[in-house]
1. Modelled label-to-label distance, N239 and F707, 7 Å Cα→beta-carbon offset: nm?
2. Only residues of segment 115-158 count here: report those whose backbone N is under 15 Å from the spot 7 Å along Cα→Cβ of W106, or say none.
3. Taking the Cα-to-Cβ direction at R231 and at A727 and moving 7 Å from each Cα, how far apart do the two end points lie in nm?
4. DSSP beta bridges in the chain, what fraction antiparallel, as a percent rounded to 5?
5. Do the alpha carbons of any pairs in K484/K742; K493/K649; K493/K576; K48/K131; K160/K493 sit beyond 27 Å of each other, and which pairs?
6. Once a ≥ b ≥ c are taken as the square roots of the eigenvalues of the Cα gyration tensor of segment 643-762, is the result rounded (a/c under 1.5), prolate (a/b larger than b/c) or oblate (a/b not larger than b/c)?
7. So the label point goes 7 Å from the Cα of N8 along Cα→C-beta, right? Which residues of segment 27-41 then have their backbone N under 12 Å from it?
8. Going 7 Å from the Cα of N284 toward and past its Cβ, which residues in segment 53-92 have a backbone nitrogen under 11 Å from where you end up?
Amino acid sequence: MIQTTIQNFSLKAYDPYTPLLGSSMETKEELLGLTPELHASVPESIYKTLQRAGYISDPFWEQNSLSCEWVPNRWWGYRARFSFLPEEGRHYRLRIEHLDYRAHLWLNHRPLGDSENVSVPFCTDITSCLKSENVLDILVEHAPAEHGQIGYTSRTHTQKPRFNYKWDWCMRMVSLGIESPVYVEEFGATAIEALRTRQSFRGSSCHLSAELTVFGFEEALQELTVALTLREETVANWNTSVSVVRGRQKISFSLEIPDVKLWHPRGHGEQPLYELKAAFMDRNRRCSDERTFLLGFRSVELLPCTGSRDALPYQVQINGKSIYLKGVNYLPPEMSQADITRERLETLLENIAKANCNLIRIWGGAYIGSEDLYEICDRLGILVWQEFLQSSSGIDNVPSKDPHFLRQLEETARAVIPRLRTHPSLLLYSGGNELTDTEGTPADFHDENIALLSRLVKELDGRPMLPTSASGPNEFLDPNTPGKNHDVHGPWKYGGVEGHYTLYNHSDSLLHSEFGVDGMANLSALERILSPKHLVVTNMRENMVWRHRGEWWDTYDRTCEIFGAFPPEALADFIKCSQYIQAEGLRYALEANRRRAFQNCGSIIWQYNEPCPNVSGTNLEDYYGEPKLAYYFVRDAFRPLTPSLRYEKLLWNPGESADFEATILNDSEAFPGSLLMEARSYDGTLLFSERRTCLVPENQNLFVLSFSLRIPRSKALLISLSLTGQATDVLQAASEYAFFIKDPNGTADRAVAMALYEKYKK
């Protein structure tokens, strides 16, 4: 395939339906629109185009987004003039991967058709109307009315991503427009559309069964060649003559791969990626089409968690090894898909990989993962949990049964699954986020909507699928109902200096697929979105700008109550303390879950990133790419081999007796070494010291020691766990824990948290 990108677009705003009429009924004069023709980059969000042209101010500054809410209520006309030299005997298609949302298209004033699903590419034959000089018109209607975070899931009627209608971690900025490049594609008689593979292993070799879906523009005899390479060396090849018919057909072939190199998740081996290149040639040896697919060879199986009964299988085995899922929930890094670049994705996903994560969950209220995202995950060894475009709404969370919606849902699945299924990083599908029945119990495969998706996954791929996340029977973690916390969500707040630890010490979750702790944004981010008068310590009730940028995540009264009151001018101190508690709370939750591996089979943090800058939130990295303190605590808690400490609370009275347990967490190879445990008061006085030799089993945890301490009269108690190798005595991993000691006012010394913040950030 030869792709030519159409550029040099203009953009113009209209009142709804105006361009369809064209001229006034009364005066017969042309209806000129609301703006002149503006230069538009494609892809680029309409908001960025308008901001560059001076029609709107920066929507990320304070409450400016409120003055931009007119944008999705207008119609937007794109026009591109381009030159082309069509060749006799060749076939041409116009292709746009993502049009958001309902659009009408013309080429040289001939209608090409309509588009109404951002996840389904617009693709049509333009051979008959393509000229040497061309005009392409794309008219995008106003955004449909849809439910944001709060509403009725059962009443959703489109496959429009819902997050930018307003969610707790972003303002309302409804996306609209051309969200991917616009191509003219050139073919001979045949176009390759999709590949499906099945892998079966025999010892060190693999039998690859494959099926190409192709489209024939005309009847023709074609030569098909297939070559599989690894690092530019041919591993296997195959060729045959094919009688291509008009329309779609499937062509099957198989390859034997000796000494196959297996693809492993990050932290469990390498990620060799094979290239499968398929090419169709005509009788004159001219290429009709060729495509290259990246393949990774690995076996995947979902098994029951250790000791679980009557639960869905959540224990992931890849290449015969159980993999503890160390994940984060991924959100679009921009409010509009059009503004997400490959470079931005590479940086974001590399940061996730450096945090020792091996999985991202692509949440169901936003966009399906892009090809760039999947290719980067393939390379980095990051598994992908892919949800379909459905999410809860609070008032009701029942999957929509609207006939139009179900048709669109099927269109999405039929477009997306064939695109994603060749990627080794794709682990499983989920019907959507927090979908339930009318009683609030997580939806299952008996739901008409979920059953439809299940049938399509089986038909088009065969990978595992969960009905929803959380998949129940409890939706939210509740240790008071033991045996019902299978795949659960929540909480998203720090549970207090004692309650937080009680919760995670008594959790019996099998899979914790969404939970978090909130914390303030970095000061550098706040300085880019707030004027000086708002760069003060305040809260979401009193400050409307703060409320607009993170109402649900007010950390003043709850997360930071341990430190007492902060004066307005102490914003930098408040941020450090807030972020310290977020980091501490997340680390404890992760380590507590990992201590129960594989009774608990995974922890997936809400959330890693954000699509716009907020004052506060549960994210680990801010919009501008700077990590919060929690990032470093998560990175340490997710280390393949790391010492961890179990305890009962964070704030103590002097003289209390405190109990601790030291455990080494391990999802890597066996490790012989020793663990040094030391406790000191904040002034450095040594209170406890013990070293234990240990042989940590492969992919298993090792309980080392229980010990008790009398809480000193000091600002804080510091406990360090240092793991060294047995042969070389080289430090393998160290973990440090701080416990605050009440002052006469019953609060913790914030200077301790601020000093620890500075230490970890360095």
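The values are calculated or read from the model by the stated rules, or taken from the named source; none is laboratory data. The structure presented is a predicted model; accordingly, all values stated were derived computationally and were not measured. When we count neighbours, we look across all protein chains shown, and the Cβ atoms used for this are built from the backbone with ideal geometry, even at glycine. Ligands, DNA and RNA are stripped out before the accessible areas are found, and what is left, the full protein with its side chains, is counted by its heavy atoms. Shrake-Rupley method; radii C 1.70, N 1.55, O 1.52, S 1.80 Å.
1. 7.1 nm
2. Within reach of a label on W106: 134-141.
3. A separation of 2.5 nm, rounded to one decimal place.
4. That works out to approximately 85 percent antiparallel.
5. The answer is K484/K742; K48/K131; K160/K493.
6. On the way: a/c = 2.32, a/b = 1.89, b/c = 1.23.
Cα axes put segment 643-762 in the prolate bin.
7. Taking a point 7 Å out along Cα→Cβ of N8, no residue of segment 27-41 has its backbone N under 12 Å.
8. 88-90
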